[in-house]
Amino acid sequence: MFRTILGALALLTLAVVGASAQSTGPAILRPPGGIALDSGTKTAAAAAGAATLNKLSGKITTEALTTAAGATYTLTVTNSTVAAADIVLASFTNGTNSAGSPHIQRITPGAGSITFTLRNSDAAAALNGTLVVSFVVIKN
């Protein structure tokens, strides 16, 4: 446990020192390594497969989905902080959805947007509710 606490303190020290040396403003801290941490609201709700969230990380709740077995759903997030060369990592959880077998098929960063393609790989069941897509952008 002592090692865990020391490791956490060391990471915090690096983040604070790196942030003060590389700060691009009060809203975004850039610790060494290029991962940015920003503050403020980091959630949005999608409507008709689209949402806007201008953050380097966040959570998007989809509209209630009825994506059939074997079909895909595309979520386009307008995000002014993203460039086409950036790396986007994402995962999802079921919001109200309790059927089907959804998974992320593709993530495509663009200039000012991220497109997530989610596939229902279930053999028979359609999705029946919302999904929550969590993402983080690593500036490249």
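The values are calculated or read from the model by the stated rules, or taken from the named source; none is laboratory data. Because the structure is a prediction, the values reported are computed rather than measured. With ideal geometry, Cβ positions are generated from the backbone for all residues, glycine too; neighbour counts draw on all protein chains shown. Remember, those area values only see protein heavy atoms, side chains included, never the ligands or the DNA or RNA. Shrake-Rupley method; radii C 1.70, N 1.55, O 1.52, S 1.80 Å.
Potential lengthening of the chain between residue 47 and residue 115 amounts to 23.1 nm, from the contour at 0.36 nm per residue minus the alpha-carbon distance. Surface calculation, 1.4 Å probe, protein heavy atoms: residue 136 sits at approximately 50 Å² accessible. Database remark: amide H of residue 46 closer than 5 angstrom to the amide H of 61, 62, 63 (H placed geometrically; neighbours at sequence offset of 5 or more, or on other chains; Pro and chain starts carry no H). Each residue of the stretch 133-140 is assigned a 3J(HN,Hα), and the resulting list reads 9, 9, 9, 9, 9, 10, 5, 10 Hz, derived from the Karplus form 6.51 cos²θ - 1.76 cosθ + 1.60 (θ = phi - 60°), x at Gly and Pro.
Neighbours of residue 101, meaning other residues whose beta-carbon lies under 15 angstrom from its beta-carbon, give a summed charge of 0 when Lys and Arg score +1 and Asp and Glu score -1. Taking label positions 7 Å along the Cα-Cβ direction at both residue 94 and residue 136, the computed distance is 2.6 nm, reported to one decimal.
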